[in-house]
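The values are calculated or read from the model by the stated rules, or taken from the named source; none is laboratory data. All figures in this text were calculated on a predicted structure; none of them were measured in a lab. No Cβ is skipped: glycine too gets one built from the backbone with ideal geometry, and neighbour counts run over all protein chains shown. Heavy atoms of the whole protein, side chains included, go into the accessibility calculation; ligands, DNA and RNA do not. Shrake-Rupley method; radii C 1.70, N 1.55, O 1.52, S 1.80 Å.
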Amino acid sequence: MGNAVDRIARPWGDRSPYGRHEPWPARVDTYLTDGVEPGSVQKWVQSASILHSDGDAMDIAVVDGRMAGVRGRAVDRVNRGRLGPKDLFGWQANAAADRLTRPLVRRDGRLTETDWDTAMELVAARSRELLKERGPGAIGFYTTGQLFLEEYYTLAVLARAGIGTNHLDGNTRLCTSTAAEALKQSFGCDGQPGSYDDFDHADVIALFGHNLAETQDVQWMRVLDRLEGADPPRLVCVDPRPTRVARHATVHLAPRVGTNVALLNALLHETIRHDRVDHDFVAAHTVGFDELAERVAGCTPEWAARICDVPAARIAEAAEILGTADALLSTVLQGVYQSHQATAAAVQVNNLHLIRGMLGRPGAGVLQMNGQPTAQNTRECGANGDLPGFRNWQNDAHVADLARVWNVEPSRIPHYAPPTHAMQMVRYAEQGSIRMMWISGTNPAVSLPDLARIRSVLRQERLFTVVQDLYLTETARLADVVLPAATWGEKTGTLTNADRTVHLSEKAVEPPGEARSDLDIFLDYARRMDFRDKDGEPLIGWRDPRAAFEAWQRCSAGRPCDYTGLSYDRLRGGSGIQWPCTEQAPEGTERLYTDRVTWAHPDVCESYGKDLETGATSSAVEYRSLNPDGKAVLRAAAYVPPHEMPSERYPFQLSTGRTLYHFHTRTKTGRTPQLDRAAPEVWVEVCGADASRLELVEGDLVTVTTARGSLQARVRVSDIRPGLLFVPFHYGYWDTKEGNGPGGDEPGRAANETTVTDWDPASKQPLFKTAAAAVTLVARGHSACAPAPTTTASAPAVTGSVPATAGGRAAYASREPGQPARVVPRKGTP
């Protein structure tokens, strides 16, 4: 234990200082279950994390046919051997005693075990009935951000060209759709411009609504190591909570939630007013500068200060840092994405980079981050709204090209309207036009807003619900058919992280009982439905992951996310590789737009754009008129107040979000002892001034109420901005007596009992940050403390006032210096 660290108490581990433009030193983090020594591991199997969007590469330790631990992969470009707490401990949930091992079907109101043939034939029979009686629009598919690329692509083919439905979306709608939409709005196409390597080269790192320390904790280790090395970067943090990022920032702006556009317009105003503009770049690579300059002309720091409740001098200071950076890296996440002007705000970050010419060179880039491990794959494969390969549903040539790949008639691929987004699918199910919903790898009975409504929709007798998952989740308990799925380590496939790095994750152990991979389940369904192409051959001709990957390569060929230079063999043994990877770029592509914006031309772009205020789609004619030469588009936006503002009845703003130790609805991390003990129950954060005014203290039990519903939680008095409450969204009911919701008239536990049915007009991402809420005391805590970690943004306002979060012996993980990072000189690297 001499070189071991309690990675619950010290989640980011030790520091390895390094200077600007130097390679990040490797460090190999390892955790083996109690009683297993490194020498007793029988084999190590390559994989990557599926508990965040970082794509941390790791090896799985296997002993006697079971998973026994993990270690980081020092050779990998993403994490250089480091692992975060979820990486180190989360694998234990795979062996949870309550894993689903056999299919279930509902009989006489109860879920009953059955065999695969019975369950799948029931699903296929209902599909055939609905196709005959109501057509393809009666069937919807709601998937996740946690499957593998091969599985998403198979799902997209069977849904769009097999069933012929336009209703296919993922829960990535909740976390990453604004990232995709913002990139399409600015660059004509999805695809992350920047690279994680930009953390090594930037002299300024700006984080907009992005708690990097808890959502991509390994990249935060990278920033911490830079901060302790030579020539450290300056940080600008925009977040209403006192995150670890905020505590290390040169400037921390904590605006009133829902005011990001006002703040960003003021930053743009200052950049233009001081002429910190790269005019040559703007002239060569953009359109729309004059409109943007005119729109922000009156958006002074003083104007924004009145809206955002942030000192004007601090806004000006932040603008100066951003405007004088030599190499600016910006990251954006849910603090921007889950708001009523999500896309408008995210696009202003792109605008800042475009007018400063901060793209396509080391340290100068934008990371419109993802929330889930394989969110990027849902977008590429067309399982998250758009068509596969970033094809444009409004462009007939793109639809015809996709039809060629699938060997079907173009008319068979629905493209009469934008693909249906998740919240609209819920509405269609509520209205009765969707009669079958197939939910794979996600838990909408906890993660969607306004949960009382969601439960009522899922409980409808006329809605036939299929749930495909690892556990009997809150959603699965409401299903008609439950299919037991295998998870990472039990199946093979590829996944792509937020900076376009593709990893191979190989099967290490057998899945429990009769559980099957998601790919096998989709292939079984396609076979039973007998989907055919226009020559009468099977529409889906592949039978295993490798063949599915090769089919995807054919679909991605010539598109921005081109995988044709990759293969399982190339991804095995070394580092992950960034797409596009082709014969011309066999080592992958570190950064996009190094020479010019390449996918914004009207003939090739993924989207013609939308009105940022209404969400109305632009036509091909309108886009061609705006951007005939295919440059980046500077889109201006006016600030619009949040739809729901505090009132006398609901005087607070309520924001929901994440904590370091949990992932999504806690189905995996709640079954991991070290992670569960670190954050075992929901809490609500209140600032000291508000707590004093309401005569609340740490540990008091309160009810948080909005116009939709309520929840009960204990109070954590923190340094959150005044007037704001924060509740983590992870907590549902699977480990309560009721199982799928609050019992009787009892208050809820889930944050989404309180959130509103509303979304950003362009990205359709739901709002989770701006509800109006009230707090009332239920019972005194009598020296109890909130079950909130002290190591994170939920730290108490008074250090040492509550017991420190620690994991003890069970959370000790070893770390060893790794081999020096393999540095491949690339064009433009200093």
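Annotations for the structure displayed:
- Taken together, the criteria place L111 among residues that are farther than 26 Å from R7 by Cα, of a type in the set (A, V, I, L, M, F, W, C) and surrounded by fewer than 22 Cβ atoms within 10 Å (Cβ to Cβ).
- Counted as qualifying within the range 261-320 are the helices (runs of 4 or more DSSP H) with 2 or more residues that are closer than 27 Å to L592 by Cα, namely 279-285, 289-296.
- Screening P136 on (1) over 30 Å from M423 (Cβ atoms); (2) open to solvent by 30 Å² or more (accessible area, probe 1.4 Å); (3) of a type outside the set (S, T, N, Q) shows it passes everything except condition (1).
- Looking only at the range 396-418, residues that are open to solvent by 20 Å² or more (accessible area, probe 1.4 Å) and in a loop (DSSP other than H, G, I, E, B) come to 6 in all.
- Sole residue being of a type in the set (V, I, T) and either without any contact (Cβ under 8 Å) to a residue 40 or more places away in the chain or touching a Phe, Trp or Tyr at 6+ places or on another chain (Cβ under 6 Å) (or both), chosen from V245, V251, V257, V204: V245
- Wholly enclosed strands (runs of 3 or more DSSP E) of the range 625-721 bearing at least 3 residues open to solvent by 10 Å² or more (accessible area, probe 1.4 Å) and of a type in the set (D, E, K, R): none
- If you filter the range 702-753 down to residues that are at pLDDT 95 or above and of a type in the set (S, T, Y), you find that the one that is nearest to V802 (Cα to Cα) is S718.
- Taking (1) more than 20 Å from T659 (Cα to Cα); (2) open to solvent by less than 30 Å² (accessible area, probe 1.4 Å) in turn, I307 satisfies each apart from (2).
- Any hit, the range 44-53, residues being of a type outside the set (D, E), closer than 25 Å to G229 by Cβ and crowded, with 24+ Cβ neighbours inside 10 Å: yes
- If the condition is being surrounded by fewer than 19 Cβ atoms within 10 Å (Cβ to Cβ), assigned to a loop (DSSP other than H, G, I, E, B) and either of a type in the set (D, E, K, R) or free of Cβ contacts under 8 Å to residues at least 24 places away in the same chain (or both), then the range 605-624 contributes D611, E613, A616, S618.
- The condition (being basic (K, R), out of contact with any Leu (no Cβ under 9 Å at 6 or more places or on another chain) and within 29 Å of T659 (Cβ to Cβ)) is satisfied by just one residue among R20, R15, R27: R27.
- Residue check for T343: closer than 25 Å to Q372 by Cβ, assigned to a strand (DSSP E or B) and not aliphatic (A, V, I, L, M): no
- Of the strands (runs of 3 or more DSSP E) lying entirely inside the range 54-109, those containing at least 3 residues that are farther than 20 Å from S195 by Cα and among the β-branched types (V, I, T) are 57-63.
- Scanning the range 148-173 for residues that are under 19 Å from N377 (Cβ atoms) and either open to solvent by 10 Å² or more (accessible area, probe 1.4 Å) or among the aromatic types (F, W, Y) (or both) turns up F148, Y152, Y153, R173.
- Residue check for G72: touching an Asp or Glu at 6+ places or on another chain (Cβ under 7 Å), at pLDDT 95 or above and small (G, A, S): yes
- Extreme residue, most open to solvent (accessible area, probe 1.4 Å), among residues of the range 246-279 that are under 13 Å from A313 (Cα atoms) and not aliphatic (A, V, I, L, M): H252
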